[in-house]
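Trainee: I'd like to ask you about the structure that follows.
The values are calculated or read from the model by the stated rules, or taken from the named source; none is laboratory data. Everything numeric in this text was worked out from a predicted model, so none of it was measured. Don't worry about glycine lacking a Cβ; one is built from the backbone with ideal geometry, like all the others, and counts go over all protein chains shown.
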Amino acid sequence: MRLTLRQLQIFIAIAKNGSTTAAGEKIALSQSAISASIGELERTLNVLLFDRIGKRLLLNDHGRALLTQALVLVSGAESLEHAYSQDDAPSVLIVGASLTIGNYLLPSLLSQYWRQQGHALGDSLPPLQVHIANTAGIMNKVSNFEVDIGLVEGPCHRADIAVTPWLADELLLVAAPTHPIILEHGKSMIPNERLEKTNWLLREHGSGTREALEQALLPHIAQLRSSLEFNDHEAIKHCAVEGLGIACLSKFVVEDKLETGQLVELNTMFGRLHRRFSLLIHHQKQITAGMQQFIRHAINSDLI
């Protein structure tokens, strides 16, 4: 596109002031520079915009038609320039979250964030995009600049990603009260040999929950037998309630079923498994004011 906003700005100045000399004084350009710009604009549009009467330039019919559109375009550009020169420049953040965080923590995090900014929840909120995937998926999105900020529940060792420790979490081993392992051992310590013989309801490979479970248990248990794998923790929770196997899930996921007695916590040598959620940003990502504000809120939030 050969048409420029600077040409339109000069055109408007001439239209309002009636001559290149007066326009030059208004926008601090030489008469020759203004004449050259208007000549280029007319050649670009392939029409004359002014009637030349001595040293005066008067809009012709083409010029009058262009003036209205030029005023709209230049005014819009000035508004954009003003908006983005402020500390609260508009932005559209893209946040990626792994499944446990996206389903159980992010809603509260966002509501607190927008309340602190004085927004009326439910009526009008700033634009924001959320991508939910497993930990490996969110790491890939951060690495590929598909999200601005990633919130994950598994470890990240990618060289291109900066990792900031975030919130503490506990993983619980749970089963239905009717599960054979609970009927056999009740609240007593369950031997590792028995855990090897039961069916586990596991997340898919790439899940932060599964990685944490395998790191904690596999040094002590030869294998985790599993006939069911899921890419969603809610499905695992409900299958555990139905007695289909034992599960390892975040306390955020299972606390409702523990309170109603539909699930019970297993007594094992591993106890509760501890992990830390992390905040991810690409090393080469340009941190905007909007990102800084969200990151500060996330790090200082009281969600647990």
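Trainee: With the requirement that a residue be modelled with pLDDT of 90 or more and hydrophobic (A, V, I, L, M, F, W, C), what does segment 259-290 give you?
Mentor: Within segment 259-290, Leu263, Val264, Leu266, Met269, Phe277, Leu279, Leu280, Ile281 meet the criteria.
Trainee: Do we have Ala298 as in contact with a Phe, Trp or Tyr (Cβ under 9 Å, 6 or more places away or on another chain), in a helix (DSSP H, G or I), on the phi < 0 side of the Ramachandran plot and in the same structural domain as Met189 (by TED's automatic domain parsing) here? Quick ask: steps written out before the conclusion?
Mentor: Numbers: in contact with a Phe, Trp or Tyr (Cβ under 9 Å, 6 or more places away or on another chain): yes; in a helix (DSSP H, G or I): yes; on the phi < 0 side of the Ramachandran plot: yes; in the same structural domain as Met189 (by TED's automatic domain parsing): yes.
So Ala298 fits the description; yes.
Trainee: Continuing with this model, one more query. Could you list all residues from segment 69-97 that are closer than 30 Å to Val142 by Cα, modelled with pLDDT of 75 or more and among the aliphatic types (A, V, I, L, M)?
Mentor: Leu80, Val92, Leu93, Ile94, Val95, Ala97
Trainee: Quick check on my filter: what residues within segment 284-301 are over 16 Å from the mean Cα position of the chain (by Cα) and in contact (Cβ under 8 Å) with a residue 40 or more places away in the chain?
Mentor: Selection gives Gln284, Ser301.
Trainee: Here is a follow-up. Going through segment 118-139 one residue at a time, which ones are among the hydroxyl-bearing types (Ser, Thr, Tyr) and closer than 18 Å to Asn103 by Cα?
Mentor: The one that is among the hydroxyl-bearing types (Ser, Thr, Tyr) and closer than 18 Å to Asn103 by Cα: Thr135.
Trainee: I would also like to ask the following. Test of understanding: among Val147, Val142, Val163, which residue is in a strand (DSSP E or B) and of a type in the set (Val, Ile, Thr)?
Mentor: Val163
Trainee: Checking the condition assigned to a strand (DSSP E or B) and under 18 Å from the mean Cα position of the chain (by Cα), which residue from Leu249, Leu280 passes?
Mentor: Details: Leu249 fails: under 18 Å from the mean Cα position of the chain (by Cα).
None of the others qualify; the one that does is Leu280.
Trainee: Just to verify a result, which residue in segment 175-199, among those that are touching an Asp or Glu at 6+ places or on another chain (Cβ under 9 Å) and not β-branched (Val, Ile, Thr), is farthest from Thr100 (Cα to Cα)?
Mentor: The residue in question is Arg194.
Trainee: When you look at Val174, is it surrounded by 14 or more Cβ atoms within 10 Å (Cβ to Cβ) and within 28 Å of the chain's Cα centre (by Cα), yes or no?
Mentor: No: the conditions fail for Val174.
Trainee: Mind checking which residues of segment 275-304 are among the small types (Gly, Ala, Ser) and either surrounded by fewer than 19 Cβ atoms within 10 Å (Cβ to Cβ) or within 11 Å of Val174 (Cα to Cα) (or both)?
Mentor: Ala289, Gly290, Ser301
Trainee: Would you confirm whether or not segment 262-274 contains a residue that is closer than 19 Å to Glu153 by Cα, surrounded by fewer than 16 Cβ atoms within 10 Å (Cβ to Cβ), more than 22 Å from the chain's Cα centre (by Cα) and touching a residue at least 40 places away in the same chain (Cβ under 8 Å)?
Mentor: Yes, the conditions are met somewhere in segment 262-274.
Trainee: A further question follows. Residues of segment 252-277 being in a loop (DSSP other than H, G, I, E, B) and in contact with an Asp or Glu (Cβ under 8 Å, 6 or more places away or on another chain), which ones? Steps first, please.
Mentor: Going residue by residue through segment 252-277, those that are in a loop (DSSP other than H, G, I, E, B) are 261-263, 266-272.
Matches in segment 252-277: Arg272 only.
Trainee: Out of Asn300, Asn231, I need the residue that is within 24 Å of Leu167 (Cα to Cα), polar (S, T, N, Q) and out of contact with any Asp or Glu (no Cβ under 6 Å at 6 or more places or on another chain). Which one?
Mentor: Of the residues listed, the single one that is within 24 Å of Leu167 (Cα to Cα), polar (S, T, N, Q) and out of contact with any Asp or Glu (no Cβ under 6 Å at 6 or more places or on another chain) is Asn300.
Trainee: For Gly24, are the conditions met, namely being assigned to a helix (DSSP H, G or I) and either within 30 Å of Lys141 (Cα to Cα) or touching a Leu at 6+ places or on another chain (Cβ under 8 Å) (or both)?
Mentor: No, not satisfied.
Trainee: Name the one entry in Pro165, Pro219, Pro191, Pro180 that is surrounded by fewer than 21 Cβ atoms within 10 Å (Cβ to Cβ) and in contact (Cβ under 8 Å) with a residue 60 or more places away in the chain.
Mentor: Details: Pro219 fails: in contact (Cβ under 8 Å) with a residue 60 or more places away in the chain; Pro191 fails: in contact (Cβ under 8 Å) with a residue 60 or more places away in the chain; Pro180 fails: in contact (Cβ under 8 Å) with a residue 60 or more places away in the chain.
The unique qualifying residue is Pro165.
Trainee: When you go through Pro177, Pro191, Pro155, Pro127 one by one, which is the residue that is at pLDDT below 95, closer than 24 Å to Glu234 by Cα, in the same structural domain as Asp232 (by TED's automatic domain parsing) and of a type outside the set (Val, Ile, Thr)?
Mentor: One residue alone meets the criteria, Pro155.
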